[in-house]
Every structure is written in structure tokens, then in C-alpha cells.
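In what follows, a structure is listed as C-alpha cells, so that the remarks can point back to it.
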Amino acid sequence: MFPDSVRNAVCSAGSFSWKAMQWSFSFSKSAMWVAVSAGTILVLPVMFENERAQMLDQQKQQEKQILLGPHSAMSGPGMVPPGMLPPGMVPPPPSMAPPPPASS
């Protein structure tokens with residue numbers, strides 16, 4: 001019904017399309033594997049370290065709260081818990097507070 005040249009051209013185009021689709025699927029699988037593997041290797045250690053640091057901070061706050069009372073976990077360095085100053089004395093504002101001693 002159709003000439004051989006038309007049938008050959010349609011067959012070649014279909015074959016090329018099929019092979020291009022197979023190549024692009026294979027390439028996308030490989031690229032996705034590389035991206036996910038690299039992301040996992042690069043991101044997971046950072047996430048674990050952040051989680052560990054947060055847990056250590058929480059443990060320190062809990063220990064401080066247990067040792068010094070319920071308001072000590074909320075106060076920062078150099079802050080005096082309420083009720084610890086003699087009457088009439090006011091703590092310095094945070095901007096005027098002396099810097100904490102350097103730890104060696």
C-alpha cells in the first residue's frame with residue numbers, strides 16, 4: 001500500500017524513538033542513583049550531628065534544671081535567677097553585663 005521508502009522511514013523513526021527512550025530511561029536511573037547516593041552521603045551525617053548537638057543541649061538544660069531549680073534552665077550565662085539578689089539591687093541589662101570568663 002505504501003512505498004518502501006515511506007515504510008523504511010517510519011520504521012527507522014520508530015526504532016530511533018524506542019532506542020532514545022530506552023537510553024533516556026537508563027540515563028535517568030543512573031543519574032537519580034548518583035544524586036540520591038551523594039545526597040545521602042553528604043546530608044545524613046550533618047543531620048545526625050545536629051540531632052546529637054540538640055540532644056546534648058537538652059541534657060545540659062535538664063541537668064542544670066535538676067541541680068539549680070526550674071528557672072535556671074531558661075536563664076542565660078550571666079543572668080541571675082529571680083529572687084537571688086538582695087532587695088533593692090537590680091541586675092545589669094544584658095548589653096552591660098560583663099563577658100563570661102574565657103575557658104582554657
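No lab work stands behind these numbers, since they all come straight from the coordinates. Values in this document were obtained by computation on a predicted structure and should not be read as measured data. FYI the Cβ positions are ideal-geometry reconstructions off the backbone, even for glycines, and counts take in every protein chain you see.
Cross-link partners among lysines for K29, C-alpha distance below 28 Å, same-chain residues fewer than 8 apart left out?
Result set, ordered by chain and number: K19.
Expressed in nm to one decimal, what extension gain is obtained for the pair A13 and F48 from 0.36 nm per residue of sequence separation less their Cα-Cα distance?
Values: separation 35, 0.36 × 35 = 12.60 nm, distance 5.13 nm.
7.5 nm is the gain from fully extending A13 to F48.
In nm, give the distance between the simple-model label positions of V6 and S24, each being 7 Å from the Cα along the Cα-to-Cβ direction.
In this crude spin-label approximation the distance works out to 2.7 nm.
Any aspartates and glutamates with Cα under 20 Å of the K60 Cα? List them, leaving off those in the same chain fewer than 8 positions away.
Reachable aspartates and glutamates: E49, E51.
How far apart, in nanometres, would the label points at A35 and M55 be if each is projected 7 angstrom from Cα along the Cα-to-Cβ direction?
So the label points at A35 and M55 sit 3.2 nm apart.
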